[in-house]
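Let me begin by presenting the structure, written as C-alpha cells, before commenting on it.
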Amino acid sequence: MRLFFAIDLPDDLREPFAAIQDDLAAAEGLSFTDPEQAHLTMKFLGDTPTEDDAADDPTVADAKVAGAAAVDAADLSPFEMEVGGLGAFPSAEYISVVWAGVRDGAADLEALAAALETETIDRGFDAADNPFTPHVTLARMNDARGKDLVQDRLRNTDPTVGRFTAEELRLKRSVLGDDGAEHETIARFPL
C-alpha cells in the first residue's frame, strides 16, 4: 500500500480551492488536483507492506503506531490554519508542482511534521527527501507550455483558499488509477 500522513481540507474549502485552479486553467501542461482529494501531506511513507507481506520492512501497523506517537509527542490541540498564497516546487523557474501555502498554523504543522519524521524513522521508515514545506498541491506541470502564465500568477496574485481548524491527522492510502490517485483514510489520530 502507498501510504502518507495528511491533514485534509474540509468540504467548505473545495470551492475556493477550485476557483484558484480555474484561474490557472488556461496554462497548458497542467494537471489539476481533484478538489475532493485536496490535502496537506505531512509525511509520505511510500509502499508499505501489510503485516502478512512484511519481511523486515516497516508495516501498516508500524505506521499507525508512529502516527499516534507523533500526535502525542507534538502535544497539539486542534489549531486554526489559513491556506493561501502560491508557490512552486522546485522553483518558479523550473516548475513541477504549483501549490497553495499555509499562512497561519505553519508552526503547529512544522511541529507535527518533525514529530512524524522522528516517530516514522524510529520505526524503520525512510527519512524525508526534502525539508517540510506546508502546502496543498493545486496542480502538477507536465510540460512547460503554460509556464509563463503560472509564473505571472506566482508573481502577481495572492489568493486565499480559506481558514479551518485542523482537528486530526490521517493516515491515507493512495491508489493510482487512470484518472490519477484516489485517497482513502485508513486511520485517524485526533489532535
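Some observations on this one:
- Any chance D56 is part of a helix (DSSP H, G or I) and either without any contact (Cβ under 8 Å) to a residue 12 or more places away in the chain or out of contact with any Leu (no Cβ under 8 Å at 6 or more places or on another chain) (or both): no
- Of the set (1) crowded, with 18+ Cβ neighbours inside 10 Å; (2) outside any helix (DSSP H, G or I); (3) at pLDDT 95 or above, all apply to S77 but (1).
- Residue within the range 133-155 that is within 11 Å of K43 (Cα to Cα) and without any contact (Cβ under 8 Å) to a residue 60 or more places away in the chain present: yes
- Matching residues, the range 73-82, being among the charged types (D, E, K, R) and in contact with a strand residue (DSSP E or B) (Cβ under 9 Å, 6 or more places away or on another chain): E80, E82
- T120 being in contact (Cβ under 8 Å) with a residue 24 or more places away in the chain, of a type in the set (S, T, N, Q) and touching a Ser or Thr at 6+ places or on another chain (Cβ under 7 Å): no
- The range 11-60, subset of a type in the set (G, A, S) and more than 28 Å from P131 (Cβ to Cβ), residue nearest to the chain's Cα centre (by Cα): A18
- Hits in the range 92-148 - residues which are assigned to a loop (DSSP other than H, G, I, E, B), of a type in the set (A, V, I, L, M) and over 17 Å from I20 (Cβ atoms): A127, A128
- Check on P58, surrounded by 19 or more Cβ atoms within 10 Å (Cβ to Cβ), at pLDDT below 95 and farther than 24 Å from D158 by Cβ: yes
- The lone criterion from (1) among the charged types (D, E, K, R); (2) touching a residue at least 12 places away in the same chain (Cβ under 8 Å); (3) more than 15 Å from H183 (Cβ to Cβ) left unmet by E36 is number (3).
- Residue in the range 135-151 that is surrounded by fewer than 16 Cβ atoms within 10 Å (Cβ to Cβ) and under 22 Å from L169 (Cβ atoms) present: no
- Residue check for R170: of a type outside the set (A, V, I, L, M, F, W, C), touching a residue at least 60 places away in the same chain (Cβ under 8 Å) and in contact with a Leu (Cβ under 9 Å, 6 or more places away or on another chain): no
- Counting the residues of the range 162-191 that are at pLDDT 95 or above and over 15 Å from the mean Cα position of the chain (by Cα) gives 11.
- Members of the range 8-40 that are under 17 Å from K147 (Cβ atoms) and assigned to a helix (DSSP H, G or I): Q21, D23, L24
The values are calculated or read from the model by the stated rules, or taken from the named source; none is laboratory data. What you are looking at is a predicted structure, and each value in this text was computed from that prediction instead of being measured. Cβ sites come from the backbone with ideal geometry, for glycine too, and all protein chains shown count toward neighbours.
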